[in-house]
Amino acid sequence: KRRKEREAVKRRAAEPEPAITEERLKRRKEREAAMRRPENAARLFDSAKEKPVRRKPGGAEPDQPARARAERLPESDAAAQARASRDPVQIGSVISEKGRRIERPRRERPEVPEGAELVREVNNRFIFRTNNTYFIERPREERLIIDAREVYYEELPRSRQREVVVRPDGTRIVTIRNRWGDVVRRVKILPDDREIVLVYVEDDYYDEVLEWRDPGLDLPPLDLDIPVRDYILDAEWVEDPEDYYTFLDQPPVEQVERTYSLDEVRRSARIRDKVRRIDLDIINFEFGSAQIPESEIGKLEGVAGAMQRLLKENPGETFLIEGHTDAVGAEVANLALSDQRAEAVATALTNVFDIPPENMETQGYGEQYLKVETQEPERENRRVAIRRITPLVAPVASSE
């Protein structure tokens, strides 16, 4: 099946470029008009779409203007991390610490974060509610262990666990989880023993965390004076695949205070808003389905090529694949459906385009972050999005 899918993509890629027809000229004019469209009342940032949450002492005041501390857009990932990395980060080998071999830990049901309520289980996905917001959790190692030659687990000091996935070529994917199950380290060890850091969170910070708290509450609202097209790329209007690479290669839109865990990035809209996103509105899912029709898989070729190019330059890149739905149907059901759609896109990127699963994280958000504010069926709200979150989860020079 994988071979047939790849051959179909290659055949489509080999087809001659169509001539510039009246239809293409019309679409180009429509694209230019859309890019000139002034920003209206619709909110741009996902963090601005969330329900108000009471801020804890020490956080920024809700009415504190972001523009008061505005700075120029960072020119690179390193510039964005300048505040967080005044001193060089010394990262030791992820396998140097001695561990005790254990059986595979059972993660059928994740630990309920303090202050959260378990609402429902849907297809091995667990839906929680906290601060008037739903979020979804599930075992996340399944994509990593597919086709693995060996998988083993070790218990480390301070109630941590180490998972080692050995690929057929000898590459090892090593993941360390803290006592709460959050990923605080992930490293790819190549056959020549070179270690590529994918995720790195300071131990000192996470050892002090006793409950989930959105780190975005400490930040003022994001209010950047940039055109929408420089922050969100709609795949529907992309004519040159090079646009995907150019867009994904851009740095965050503001300073990164520290490196965050994958769980913090997945759960915090304010932290995710630091990096730009691509809306893959060209993938058309059937109503209520998470399956990608075979005819749609080729539409991923452009963004997959950009991801491959970035990974060739830096094997430590990490991408977040987000799933979204419109507001039709039950909120909890939409959350599960959006998570399945994000997973389907990540699986297709691996099976057809060889994007390593360890370089992608997936998360569904249901109808929480509508692109078009309507309770009616809306295709633009049924979308999958991609963000390059590398500068949020790992020191910029870690792959060196």
#### Entry: Vicinal HN-Hα couplings computed from phi for the stretch 267-283 (Karplus, 6.51 cos²θ - 1.76 cosθ + 1.60; Hz; Gly/Pro x)
8, 9, 5, 5, 6, 4, 5, 5, 10, 6, 9, 10, 8, 7, 7, 8, 8
### Query
Efficiency by 1/(1 + (r/R0)^6): what FRET value for ARG229 and VAL332, r their Cβ-Cβ distance, R0 = 22 Å, to the nearest 0.05?
0.05
### Task
In nm, give the distance between the simple-model label positions of GLU142 and LYS4, each being 7 Å from the Cα along the Cα-to-Cβ direction.
2.3 nm
## Note on the structure
The answer for MET360, listing residues at least 5 apart or on another chain whose modeled amide H is closer than 5 Å to its amide H, is PHE319
### Task
Pop out the ³J(HN,Hα) list for the stretch 121-126 in order, Karplus 6.51 cos²θ - 1.76 cosθ + 1.60 with θ = phi - 60°, rounded to Hz; leave Gly and Pro as x.
10, 9, 6, 6, 10, 10
## Note on the structure
Of 290-303, 309-322, 222-235, 355-368, ordering from highest average Cβ density within 10 Å down gives 355-368, 309-322, 290-303, 222-235
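Values in this text are rule-based calculations from the coordinates and carry no lab data. The shown structure was predicted, so the numbers you read here are calculated from the model rather than taken from an experiment. Cβ atoms come from the backbone with ideal geometry, glycine included; neighbour counts cover every protein chain shown.
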